[in-house]
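Reading through the structure tokens given below for one structure.
What follows draws every value from the coordinates through simple rules; no lab data is involved. Fair warning: this is a prediction, and the values are worked out from it, not measured in the lab. Neighbour counts run over all protein chains shown; Cβ positions are idealised from the backbone, glycine included.
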Amino acid sequence: MIGSTRNLRVWAYPAPADLRKGFDGLYGLVVSELERDPLSGDCFLFTNRVRTRAKVLVWDGTGLCIYQKRLERGRFAPLWERAVADGAIELTMSELALYLEGSRLAVRVALSPPRYSHKALANVSHL
């Protein structure tokens, strides 16, 4: 699997992407369209229009890496149907792994709990 055991955030590009793009082209999409930092260590997922190919761009601490997968049968799930107003689609590493395996569950239900925030607990008043 991609990367490491640390808790990475995964951002999916909310539209079909031209996967002829390499490092610089995908880097540009992350900066201009997702408005994220490609050097943050987060993973950025791109899928082509017919949903048979996917690329993941990630900074590993020393350089940018591109992981690519082509499905021989079937199609990847259409993640852009889940896009929110700001264009960001956030997945967990578990959801990314399922997505790259060709699972359609990655778009039907939230497979992971919401991100934990200790600030939310600080606002709870005790009775």
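Couplings for the stretch 89-104, taken from phi via the Karplus curve 6.51 cos²θ - 1.76 cosθ + 1.60 with θ = phi - 60°, read 10, 9, 10, 8, 4, 5, 5, 4, 4, 5, 4, 5, 7, x, 5, 8 Hz in order; Gly and Pro are left as x. Extension gain, GLU72 to ASP60: 0.36 nm times the residue separation minus the Cα-Cα distance gives 1.5 nm. For ALA88 and LEU8, a Förster radius of 22 Å and the Cβ-Cβ distance give a FRET efficiency of 0.90, rounded to the nearest 0.05. Kirkwood hydrodynamic radius of the stretch 10-54, from the reciprocal of the average inverse Cα-Cα distance over all distinct pairs: 10.6 Å.
Across the stretch 44-84, the convex hull enclosing all Cα atoms gives 71 Å³ per residue.
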